[in-house]
1. Quick check on packing: order 181-189, 43-51 by the mean number of other C-beta atoms within 10 Å, highest mean leading.
2. How much length, in nm to one decimal, is gained on full extension between Ser109 and Arg287, taken as 0.36 nm per residue of separation minus their Cα-Cα distance?
3. For segment 169-271, which GluC sites (Glu not before Pro) are both in a DSSP coil and crowded by at most 15 other Cβ atoms within 10 Å?
4. Just add up the charged neighbours of Ile249: K/R +1, D/E -1, any other residue whose Cβ is under 13 Å from the Cβ of Ile249.
5. Report the FRET efficiency, 1/(1 + (r/R0)^6), for Glu244 and Asp209, where r is their Cβ-Cβ distance and R0 is 25 Å, rounded to 0.05.
6. Residue separation times 0.36 nm, minus the C-alpha to C-alpha distance between Arg202 and Ser187: what's the value?
7. Could you give the spread of the C-alpha atoms of segment 167-228 along their three principal axes, from largest to smallest, in whole angstroms?
Amino acid sequence: MALDPRLVDACGDRPGWACEVIWDASHNSTLSKLGDFVVHTPLKIVLILVGALVVNRMLLRVIRRFVNTLAGRATSGLLSGAPINPRAAARTQTIGIVLRSLATATVYSFTGLVILGEIGINLGPLIAGAGIAGVAIGFGAQTLVKDFLSGIFMLIEDQYGVGDVVDLGLATGTVEAVNLRSTRVRSADGTVWHVPNGGILRVGNKSQDWSRALLDVTVAYDADIRRASEVIKQVADEMAEAEEWKHDILEPPEVWGVEHIRDGAVVIRLVLKMRPGAQFKLMRELRLRIKEALEQAGIATPVPPSTPTE
């Protein structure tokens, strides 16, 4: 059945029921178009929003599972019986927040464009303008984008976290805060360094999973090296059995032997596998005990040359 040309002109080739009813009642083209817009457009917008909400929730669920998987991998490497690593929890929480924010922003940005198209706004100039603005912003903020992407990969790969002692090349110290743009590190002298994530070319983490106390003990060249090694091992074993230290020392101490012979002295290397971050305090105490034990055993240590005075 052929449609009335005036109806086609008012409502198009496929007129909606609202437009057709209003046309039949009024034969007013403007009123018919307005009625069709008022009835159909809000319904389409509601359906679009509902669809966006469903898609967003599905994405958030996928992201939640992905983050839980990362958390499981991060904690699986912990020592048996050890508590859950709070750094892993903080890291996965940060990753989840970032991914959820990106997913939600993307879904609702596309939803907004579709809705603008439904209400009759020409999206061509808008998208073109947004593209040009995006390119300009990208050139101006490329360093910020680099920091942001580096921060995301750093979190996903668990390169370091709050409380770790790290060497970032640009700064060395204890990590106090980690975010997507920069890392805050406090050095041993109290200086706070703010390091952009994009500028970090290498990461040396001294306290991830486990650490090692490495101590070089220098004795005189003519000292009894085997006896000195026995004394050093005995002192380390006593510390490993002491109540204060036994929970921090993960494996029996090892004397690796003579590391260097130089400047009229012999360097003996001692190593202990430790819990992360515990090696620094232990090494200070161990140096003191070894020095006292070597003196009691009559094993000489080289005396530093004195600085001549004028």
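1. Details: 181-189: 16.3, 43-51: 12.7.
So the order, starting with the most tightly packed, is 181-189, 43-51.
2. 57.9 nm
3. Glu243, Glu244
4. Around Ile249, the charge tally is -4.
5. Numbers: r = 23 Å, r/R0 = 0.90.
Calculated value: 0.65.
6. Contour length minus the Cα-Cα distance gives 3.7 nm.
7. If we take the Cα atoms of segment 167-228, the spans are 55, 25, 19 Å.
Here, each number is a calculation from the coordinates, and none is a lab measurement. Owing to the predicted nature of the structure, the values given are computational and were not obtained by experimental measurement. Positions of Cβ are generated from backbone atoms using ideal geometry, with glycine treated the same way; all protein chains shown enter the neighbour counts.
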